[in-house]
1. Among what's in region A:10-39 and is among the basic types (K, R) and surrounded by fewer than 19 Cβ atoms within 10 Å (Cβ to Cβ), pick the residue that is farthest from A:G91 (Cα to Cα).
2. Criterion first (more than 9 Å from chain C (Cβ to nearest Cβ), more than 30 Å from C:V41 (Cα to Cα) and not aliphatic (A, V, I, L, M)) does B:S61 satisfy it?
3. Please enumerate the residues belonging to region F:88-101 that are within 17 Å of E:H123 (Cα to Cα) and more than 7 Å from chain E (Cβ to nearest Cβ).
4. So is C:F101 without any contact (Cβ under 8 Å) to a residue 24 or more places away in the chain and surrounded by 21 or more Cβ atoms within 10 Å (Cβ to Cβ) or not?
5. Looking at (1) exposed (fewer than 15 other Cβ atoms within 10 Å of the Cβ); (2) touching a helix residue (DSSP H, G or I) at 6+ places or on another chain (Cβ under 7 Å), which one does H:L55 not meet, given that it meets all the others?
6. From the list H:T42, H:T76, which one is closer than 18 Å to A:Y148 by Cβ, surrounded by 15 or more Cβ atoms within 10 Å (Cβ to Cβ), among the β-branched types (V, I, T) and in contact (Cβ under 8 Å) with a residue 40 or more places away in the chain?
7. What is the residue count in region A:14-53 for residues that are of a type in the set (K, R) and within 8 Å of another protein chain (Cβ to nearest Cβ)?
8. Is it the case that E:T119 is over 25 Å from C:G152 (Cβ atoms) and more than 7 Å from every other protein chain (Cβ to nearest Cβ)?
Number of protein chains: 8
Amino acid sequence: MGVVDGTWSVYLSGEIHSGWRERVAEGVRSAGLPVELLAPVTDHGASDEVGVNILGAEEKSFWKDRKGAGVNAIRTQTLLRRADVVVVRFGEEYRQWNAAFEAGYAAALGKPLVTLHDTELTHALKEVDRAAMATASEPEQVVEILRYAIAGPG
Amino acid sequence: MGVVDGTWSVYLSGEIHSGWRERVAEGVRSAGLPVELLAPVTDHGASDEVGVNILGAEEKSFWKDRKGAGVNAIRTQTLLRRADVVVVRFGEEYRQWNAAFEAGYAAALGKPLVTLHDTELTHALKEVDRAAMATASEPEQVVEILRYAIAGPG
Amino acid sequence: MGVVDGTWSVYLSGEIHSGWRERVAEGVRSAGLPVELLAPVTDHGASDEVGVNILGAEEKSFWKDRKGAGVNAIRTQTLLRRADVVVVRFGEEYRQWNAAFEAGYAAALGKPLVTLHDTELTHALKEVDRAAMATASEPEQVVEILRYAIAGPG
Amino acid sequence: MGVVDGTWSVYLSGEIHSGWRERVAEGVRSAGLPVELLAPVTDHGASDEVGVNILGAEEKSFWKDRKGAGVNAIRTQTLLRRADVVVVRFGEEYRQWNAAFEAGYAAALGKPLVTLHDTELTHALKEVDRAAMATASEPEQVVEILRYAIAGPG
Amino acid sequence: MGVVDGTWSVYLSGEIHSGWRERVAEGVRSAGLPVELLAPVTDHGASDEVGVNILGAEEKSFWKDRKGAGVNAIRTQTLLRRADVVVVRFGEEYRQWNAAFEAGYAAALGKPLVTLHDTELTHALKEVDRAAMATASEPEQVVEILRYAIAGPG
Amino acid sequence: MGVVDGTWSVYLSGEIHSGWRERVAEGVRSAGLPVELLAPVTDHGASDEVGVNILGAEEKSFWKDRKGAGVNAIRTQTLLRRADVVVVRFGEEYRQWNAAFEAGYAAALGKPLVTLHDTELTHALKEVDRAAMATASEPEQVVEILRYAIAGPG
Amino acid sequence: MGVVDGTWSVYLSGEIHSGWRERVAEGVRSAGLPVELLAPVTDHGASDEVGVNILGAEEKSFWKDRKGAGVNAIRTQTLLRRADVVVVRFGEEYRQWNAAFEAGYAAALGKPLVTLHDTELTHALKEVDRAAMATASEPEQVVEILRYAIAGPG
Amino acid sequence: MGVVDGTWSVYLSGEIHSGWRERVAEGVRSAGLPVELLAPVTDHGASDEVGVNILGAEEKSFWKDRKGAGVNAIRTQTLLRRADVVVVRFGEEYRQWNAAFEAGYAAALGKPLVTLHDTELTHALKEVDRAAMATASEPEQVVEILRYAIAGPG
C-alpha cells in the first residue's frame, strides 16, 4: 500500500508566461509519478484568437473575447472536472483573474487545491490560499507534494 | 502537455435528417482526435417504432410514442451523462423540441454545450445559444473547436 | 392532513402569445389554492429589447439576442430553481425551443413537470411528455392537477 | 404575475473602495424592489484584523491573513449560498483575486452571475464575463437588471 | 436550547387502509409539537381515478394507472423533498410497493427515515429497516421519537 | 456511430427465485453486447446468513436480519451506483419490498430504470412503473431494449 | 448593509459535560444577534436511554446503543443540514468520536465549520482544524466570530 | 454473475500503529479478490513532518500541524472520493479524531462504511457504528465481508 495504483490527474491552472509547468512536468517525470498533467492552452496568441479564428470575426473586442473565452472554457471546464488535484499559479504580471476564477470553481467542486506564488502575493491571495490544502512558492514543492500524496514518504 | 491524454466523449444531439454527424466524424478522424462520438439512434423509423416493436402494440399514438420515447431515453440519458461535451444541432425542418430538451438537460448537468445551426435560427435559439460555450454554423467548425479543446493550437 | 400547509410555487414556462397563464391564474384563484404563480416576462417586445435597453445597443442581432437572453435568464433560472412544480406550455406558433430547453433543465433538476399542449403536437413532443408527470391539453386541467396535488380530492 | 412575490437575495461581491454598493442600494430602494442586499464586510481594516483580533496575534503575515480570511469566509460563503443572484464588481485598483474567486465559486454553484466593471477591464475579465448572465459598467444598470428580473418591464 | 425553534415537516408515507396517520396526528397535537404532517392522498378511490378523471379515460388499465400515478407523484415527490423526516408504514394487506419505493427514494435523498410495521414483517422488511434511523411498531412510538428529536427529553 | 463503444453496466435487481437473470445473460451473450451484468447475491440462504456467519450470532431475528442486510447493502449500493441502467424484476411470490426500495433508490439517483413483471402486477406496481423508462413482461424484451439502447436498430 | 437580515442557524456540536453552550447562548443574547442555536440532546442519560425507552429493551449493549444512536441521529442530522454554521467543541474527557464524525459530515456538506478546544488538543485535532474556518479556545471567541460574520465590525 | 467484474477500491482509514492493514491485505491477496487497497500515509513521523519538510518550518505547532494536515488531506480526500467502500479502524490508543472525521465525511458522501474495533469501544463509537453497514472486530472479518460483497458466497 505504499504506492497507490492508478493515475492521478493534476490540472495546472494560471500563469502562462513562465516555465513553471515545465518544471512541474520535469519533476513528475524524474520522480516517475503516475500523473497525467492537464493544462489550459498556454499559447497566449492562439488562445486569444481561437474564437474569431474558428467562429468568425467580431468588431467589438468584448464579443471577440466572449467567443475566445467560450472555446477555451470547453477545454478548461472539462479538465477541471476531470482533475483529482488542481494547482493554481499566480505570477507578478497581469491580473490573472481567470486563475482566481478557476480556483473558486475548483473549490466549490470540492477539488483539493494547491496554490503556487511568491510570498509577495500572500496578502492579496489570502482568500484563495485559505481554500487551498497547501501553498507553495516553487514548482519543485508542488512536485514534492504530489510525490508524497501519491507515492507516500520516500 | 500539448495534447491531453485520454479519450473525450462527445454526444451529438439533434437533427437526424442531414449528414452533419458524418461530417463531424470525418473531421475528427482526419484530425486523429481521441474522440468517442456518441449519438441517439438516427434511423427515424426504427426510433419511432422501437417501443411498440419490443413492448407490444398500442392503439393510441400518445402511448405508442411514450413507449418509444422511453426506450430511446435509456440510450440518450446514459450517453448525455457519459459525455464530456454535448453538441446540439438544429435544422430548418421539424420542431426538434427533443434537441432543445436535451440542451436544457445537459446545461443543468453542467456539461459544456456547443450549438450548431444556420444564422436564420439565431433569434429563435437565443436562450439555447446563451447557455452554450460556442455556436457554430458548420460541422467543420465543431471539429475545429474539438481539435483546439483537446489537442490545443496546431 | 387533507390540505397541505404552506405555499406551492408553480412556474409557468412556455408560450407567451395566448391567455393560458390567465386561465391557470383564474382557476387557482377560484379554487383558493395556496399557489404562487411564477412566470417569465411575457411582454415579447420588452423581453427582446431588455438586453440592449439596459446594457447598450448592438449591431449584430446575435449579440443583441445574447444580451437579452442573459437578462431574462436571471429571472427564469431563479424561478425555475424556486419552483415546486414546472408547467410548460407549447402552442402552434413559433418554434418555442426555449420552452423545451426549460423543460429539460427542470427535468434534470428533478422538478415535477406538467406539459400542456394540443394533441396535434403529441408526436413532436413525445420526449418532453415522457419526462412529465402529466400531459394536459387545457389550462383548466392544470388547475385540477394542482388542486388535487395540493388540496387532495374534493 | 407581473410581480413575483417573495424577497430576492442579492450578494454584492468585490470592490470595497468605492460607493457602488450604496448606488445599488439607493436604486433598489427607489424602485421599491423586494431585495435583500448581502455583502462582505467592507471595512478594509476591520476585515484584515478580524482574525488576530478575535483569535490571537500572529507573527507571520501569512497566518495572520489565514485567520482573517477564515473568519470572513464564514460570512461570505454563507451569503453566497443564500443568494439568488450574485453581482461581482471589479475596480481599477488592487488585484481583487477574491472577487474572481467568489465569481468562480458562485458559477460552480449555478448562481446567476452579473459582472460590473469598466470597459477597460474587458479583456482581463473575459473568462469571468463569459460565465455571467450580464456585464454592466454602471451600478444603475445592475438595478435595472434586478428591476426587470424581479418586477418585469415597467 | 431545549426546544428547537421552527417547524419540522414530517411526511407520512405508506399504508392508507388504517388509522395510523390519525394516531400520529393526535399524538403530535397532544404533545404540542411544531410539526407539519404531510401525506399522500389517502382516499384510495380518488387516488386511483384521478388520472383519468382529469386527463381523460383510458381503455387499458396500464395507462389509466400511469396517468393516476403521475398526478399523485406531483404531490408525493414534492412532499418527500420538502420533508425533514420521512415515516413509512407497512401493513399486512396489499403489496405496498409504493411505500418501499418512497423509502428508497427518501434514503437516496439522505432524509432521516423511520419505519413502522408489525414484527411479523421484520424479515421481509430487513433491507428497508436497515436504511432507517428507527423501526417502530406503534404510531405512538413515532410520536415519541418526534417529540424527543424536536423537543428533547421531557 | 452505429455502435457505442465502451461497456454498459446493467444491475439486475429483484426476484431471486426464478431464472430470469440467466435468460437476460443468455440473450446478452447471444447478441454479443458489451454489457457487464451486475446482481445482488441470489443464493437466498447465504444472503440471509451472511451477517451472523461473518459477524457473530444474534438471538433476535431483527438484529440477525440487520447484520445480513448491512453486508448485502455493501454489495448492492455499490453496484447500483456503478450501474448505467437498473432493471428491477417483480415476481408473484414474496413481498419483494427490497426490489421496490432499490427501484426508488435508483430513481432518486437518476438511473434509467426498466421494470419487469407480469401484467397481473400492473396495478400494484403503478408508481414504480411510472418512474421507469420501460416496463417489460419477459426477460427477452429486456435484452431487446439493451440491444437497441447500446447497439441501435439491427 | 451593515447587518444582514434574516436569522442564522448555528449548530453547536460536541462536548455535553461543560457549560460552553450556555456561554455561547449568553453571548449571542447579549449581542442581540439574530441567531437560532441548535444542539443535540445534551442530557447524557436521556440520550443513552432514548432508544430502548421508546423502542423496547435490548440485552446487548451494542444494539441498545444502536437504537439510541438512531433516534438521536434523526435530530442531529436534521439540524446539521439546517445549519448555516457548525461549531464543534472538543473537551478533555471522553473520546468524543461523535463530535469528530459530525465535523466530517458537516465538512462534506460544505458547511462553514468552527472548532473550539484547548490548545493541548491541537495536535490531535489537526485534521479537523484544517477543515475549519476558525479554531477558538473560548466560547466567547465563537460569539465574536458570529457577531462579526452576521453583524459586521463595530 | 457470481463474480462482479472490475476492481473495487477500498480505503482503509484510521489506526496506524498496528498491523491491521497488512492483515486485510494478506486476506485479500489469499482470496484473490480484485481489490485496490487505498490508505493514508501510515508512517507517523513522515506524516507529521511532511508539511514543514516541503513547505518550510513553523515555530508554532498549530501551523506546523496545519501544513502537515493540508498535504495529507490531498491524499486522503482524493482516495476517499475514489473509494467504493471505506473501512475505518479505531484502536485503544490515541484519540483518533481523524478516523471519526473521515467516517463522517465518507458517510455524507454516501460511501458504504465498515467500522473495525474492539467491543470495548462499542459505546464510544455508537454514532459512528450506526452509520456503518457492518461493524467488525477482526481484520479477517473485513476480508470476509469484501469477499462476499465482491465475489458472493463461496
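1. A:R29
2. So B:S61 fails the test.
3. F:E93, F:Y94, F:Q96, F:A99
4. When the stated conditions are applied, C:F101 passes them.
5. Here H:L55 clears every test but (1).
6. Matching residue, one of H:T42, H:T76: H:T76.
7. Of the residues in that region, 1 qualify.
8. yes
The values are calculated or read from the model by the stated rules, or taken from the named source; none is laboratory data. Worth saying up front: this structure is predicted, and the values here are computed from it rather than measured. All Cβ positions, even for glycine, are placed from backbone atoms using ideal geometry, and neighbour counts span all protein chains on display.
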